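As structure tokens, the structure follows; a few thoughts come after it.
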Amino acid sequence: MDEDNVLMRLVILLVPLSLASIGGGASILAGIERGVVGQYGWFSHEEFLNLFAVSRASPGPGTMLSTLIGWRLEGWTGAIVATLAVYVPSSILCYVVYRTTNLSRERNWYRILRTALAPVGTGLVIAGVINITRISGAGLSGLTMSFAAFFALLMFPRLPLPLMLVLGALISLALFRVSYM
Amino acid sequence: MPPDVVRPTSRDIFLVCLKMGAFSFGGGLSGWIYREFVERHRWVSDSDFNATLALSQILPGANVINLVICFGEDLAGFKGALSAFVGFLIGPVLGVIGLYYFVNRLSDPTLLSVGLAGVAYVAIGLLILICWRGLRGTFRQPEFLPVVLIVALLVSGFGFPVLLTVLLVAPISIALAIWSSRRNG
């Protein structure tokens, strides 16, 4: 693949998503998936699911998925370009807004914007869940695991997430072994 | 900032953000930022923290990155904001690539895919939790439920680009919020 071309496409894909990532990384999962799997065909469904899993098991703000995608496509250059493409536009916007507004005076406006934009963010995350579930080919066991994890985290918010993720891997491997024998 | 507190340099900010970014597993990060900036170092006041948090949640981007950029700007100007941004991201960038590299050496590709699928299902559970919390908030103001549904439908059902969807729906939602705040006094 032509290197400049891939980097350029990555930037063109990620910059608009950066500016649309209301509520953080989870909200642009659907957009990233459609771009790198559907539009460009850079990854198979299975590969994308693997990248998603690793990105959620790593430290960091929500998702480092785009960094990993950049790394897989173009090594360290790709990782840095993808990270900057997804974080710089939103950061510049935040910086400019913070410098030009007065926090204490415009609190009422903040409240209105928050009320208005929170449902947009929620809608985006729902779209992300639908898209990732669609390509995961999750059968009944996969869906059961997702909802079990959801209920566990809902009831016990202090459960350590890394532990939950490792448990997910072990259960999945155990189910695989059982169906294999 | 209280008078007995020394104003941090951009290097101080860089180091605090480096530490938080590198050890931030599984969210809950704004709580940690609160502990570091407000309680431990007393660089930021409680009310400034809350106002800035509100702003960083409204704007696109990761809340925590937005938050440390604002604090960096406050404490040490543009250099402070830049130090916060770079410091916060170094750990996660190396972490995610390192983890990918490591798990790929761990086992054969089939077992790896099976194991990672399990991780993904749990991670999807966490996303469902985010949706659940969002929906619960929206149910308190049910006039915003159509906003959630339309966004999800446009992006997931019709494959609308995410930014276009936001640009189409956000103004309507803002108008709705202004209207309902006037109506409620």
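Derivation of every value follows stated rules applied to the coordinates shown; laboratory data play no part. These figures come from a predicted structure and were not determined experimentally. Every residue, glycine as well, gets a Cβ built from its backbone with ideal geometry; the counts of neighbours run over all protein chains shown.
Quick notes on this structure:
- Fewest neighbouring Cβ atoms within 10 Å first, the residues B:Val166, B:Val147 line up as B:Val147, B:Val166.
- Rounded to the nearest 10 degrees, the angle from helix A:65-100 to the longest Cα principal axis of chain A is 30 degrees.
- Seen against the Cα atoms of chain A and their longest principal axis, helix A:140-155 is set at about 50 degrees.
- Taking N as its residue count, the alpha carbon Rg of chain B over 2.2 N^0.38 Å: 1.27
- Across region A:1-130, C-alpha contacts under 8 Å between residues 6 or more apart give a mean separation that, scaled by the residue count, equals a relative contact order of 35 percent.
- Chain A, helix-only ellipticity at 222 nm - DSSP H runs n ≥ 4, -39,500 (n - 2.57), divided by all residues, nearest 500: -26000 deg cm²/dmol
- For A:Ile22, residues with placed amide H under 5 Å, excluding near neighbours: B:Gly61
- Chain B, relative contact order [Cα under 8 Å, separation at least 6], %: 20 percent
- GNM result for chain A, Cα springs below 10 Å: residue of A:Ile28, A:Ile92, A:Ile135 fluctuating most strongly: A:Ile92
- Once C-alpha pairs closer than 8 Å and six or more residues apart are averaged by separation and normalised to the residue number of region B:69-163, the relative contact order reads 9 percent.
- Residues A:Met145, A:Met64, A:Met164, B:Met1, sorted so that the one with the fewest Cβ neighbours within 10 Å comes first: B:Met1, A:Met164, A:Met145, A:Met64
- Kyte-Doolittle at least 0.0, axis length at least 20 Å by Cα - qualifying DSSP helices, chain B: B:63-104, B:109-140, B:162-183
- Label-to-label distance for B:Leu167 and A:Thr77 is 3.0 nm, based on points extended 7 Å past Cα in the beta-carbon direction.
- A Förster distance of 25 Å, applied to the separation of the beta-carbon atoms of A:Ala174 and B:Asn104, puts the FRET efficiency at 0.70.
- Net dipole in debye of the protein assembly as shown [+1 Lys, Arg Cβ; -1 Asp, Glu Cβ; about Cα centre; nearest 20]: 880 debye
- Counting only alpha carbon atoms, the long axis of helix A:45-56 and the longest principal axis of chain A meet at about 60°.
- Centroid-to-centroid separation of region A:11-85 and region B:137-185 [C-alpha atoms, Å]: 25 Å
- Taking Lys and Arg as +1 and Asp and Glu as -1, the other residues whose beta-carbon sits under 12 Å from that of B:Ile124 total +2.
- In order through region A:167-175: 3J(HN,Hα) via Karplus (6.51 cos²θ - 1.76 cosθ + 1.60), integer Hz, x for Gly, Pro: 4, x, 4, 5, 4, 4, 5, 5, 4
- GNM result for chain B, Cα springs below 10 Å: residue of B:Ile58, B:Ile172, B:Ile97 fluctuating most strongly: B:Ile172
- For B:163-171, mean number of other protein chain Cβ atoms within 10 Å: 5
- Chain A: most fluctuating residue of A:Ala20, A:Ala149, A:Ala79 per GNM, C-alpha cutoff 10 Å: A:Ala149
- Mean-position separation - Cα centroids, region A:129-156 and region B:10-59, in angstrom: 31 Å
- Proxy reagent accessibility, fewest Cβ within 10 Å first, across A:Leu13, B:Leu112: B:Leu112, A:Leu13
- With each label modelled as a point 7 angstrom along the Cα→C-beta vector, the B:Asp4-B:Asn50 pair spans 2.5 nm.
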